[in-house]
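Presented below is the structure to which this report refers.
The values are calculated or read from the model by the stated rules, or taken from the named source; none is laboratory data. These figures come from a predicted structure and were not determined experimentally. Positions of Cβ are backbone-derived with ideal geometry, glycine not excepted, and every protein chain shown enters the neighbour counts. Just so you know, the surface numbers come from the protein's heavy atoms only, side chains and all, with ligands and any DNA or RNA stripped out. Shrake-Rupley method; radii C 1.70, N 1.55, O 1.52, S 1.80 Å.
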Amino acid sequence: MTAAAFLVMNPASAGGRTHRNWPAIATALESAGVTFDLHRTTAADDATQAVRAALARGYRTIVLVGGDGTLNEVVNGFFDPEGRPIGGEATLALLPSGTGGDFRRAAGIPASLAAASRLIASGTSRRIDAGRVDFADGERRFFINIADCGMGGEVVARINRSAHKRGGLGGSAMFLSASLATLLRYQSRVAQVEIDGVAVERDVRSVVVANGRYFGGGMRVAPDAALDDGRFDVVIIAETGRFRALTGIPSLYRGRHIARREVEVHRAAMVRVSCDGAPMLFDVEGEQVGTTPATLTCLPGAIKLCAPVPGQTADR
């Protein structure tokens, strides 16, 4: 076991700003008294493999510097290739540096480097749930914020094809722009959603399975979701026509969309989604991964997270 933290940095996150900001990041950590060994990611899934190896070598604090996509890779590193947890009492910590920052908001982690570094140094932590997605082809993915299918998957696929992710628009502006462009062309699907064994069928634009509250660069899609309640908040958004969908976008940022007639919310420990016709794409924490059909399972208390205790205000 080593006292140093294992720091995973994605230098390409935030359009390369993470790489350019590295001196300030290192200074903030050192000023807070956090010692670390640095790993710079170089390819897709590199973070997952690096974290698995670090945990095997005895590291007990894993610090991520990057966005929500890299966060998802790091979370997957807390599980072995067969899906068994390997983190034990290891803590996941986050220094936000990406285009979205949705999980940071949900967990109450400070936005500033100095405050987030002091939080890591304090050792404050809490147990939170994780989600597991099992796809029909045998692929498996873990997440701690949100997985959704339908229009969200198409939006993320559009962003991943776009030069905007490499520079230019970021955060809310990028997701909003991609959402509007996707909405004009997206064709809804008739989906079968099984919620803790109870089946519902709807013509949907999106099925959102939420552990956290935010996605899409600040959209408060599951305003009542809790990271540690052992249940997902399942938000089903039915098809109502493009005009009503467009007028409903502002309510997503305020969390008021759940009062609209086309939205229903359920809570469940297990969700299965399938659909008629062409499969729906999945968005798993900002990355397009897999398609329907898929089964999503909540794993209570699976991750030890460096974060403020609920009800306490973090140092900003």
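Selection of region 207-253 for residues being in a loop (DSSP other than H, G, I, E, B) and either within 19 Å of Arg185 (Cβ to Cβ) or in contact with a His (Cβ under 7 Å, 6 or more places away or on another chain) (or both) yields Gly216, Glu239, Thr240, Gly241.
Restricting attention to region 13-57, the residues that are open to solvent by 20 Å² or more (accessible area, probe 1.4 Å), under 22 Å from Ser112 (Cβ atoms) and not in a helix (DSSP H, G or I) add up to 5. Residues in region 236-255 that are open to solvent by 20 Å² or more (accessible area, probe 1.4 Å), more than 13 Å from Arg205 (Cβ to Cβ) and touching a residue at least 12 places away in the same chain (Cβ under 8 Å): Tyr253, Arg254.
Restricting Asp228, Asp134 to those that are of a type in the set (Asp, Glu) and either at pLDDT below 95 or open to solvent by 60 Å² or more (accessible area, probe 1.4 Å) (or both) reduces the list to Asp228. Arg213 meets all of the listed conditions (1) of a type in the set (Lys, Arg); (2) without any contact (Cβ under 8 Å) to a residue 60 or more places away in the chain; (3) open to solvent by 30 Å² or more (accessible area, probe 1.4 Å); (4) in contact with a helix residue (DSSP H, G or I) (Cβ under 9 Å, 6 or more places away or on another chain) but one, namely (2). The residues on offer are Ala130, Ala106, and the sole one that is hydrophobic (A, V, I, L, M, F, W, C), assigned to a strand (DSSP E or B), out of contact with any helix residue (DSSP H, G or I) (no Cβ under 6 Å at 6 or more places or on another chain) and within 18 Å of Leu227 (Cβ to Cβ) is Ala130.
Pick from region 268-285 the residues that are in a strand (DSSP E or B) and in contact with a Phe, Trp or Tyr (Cβ under 7 Å, 6 or more places away or on another chain): which of them is surrounded by the most Cβ atoms within 10 Å (Cβ to Cβ)? Checking each candidate, the answer is Val284.
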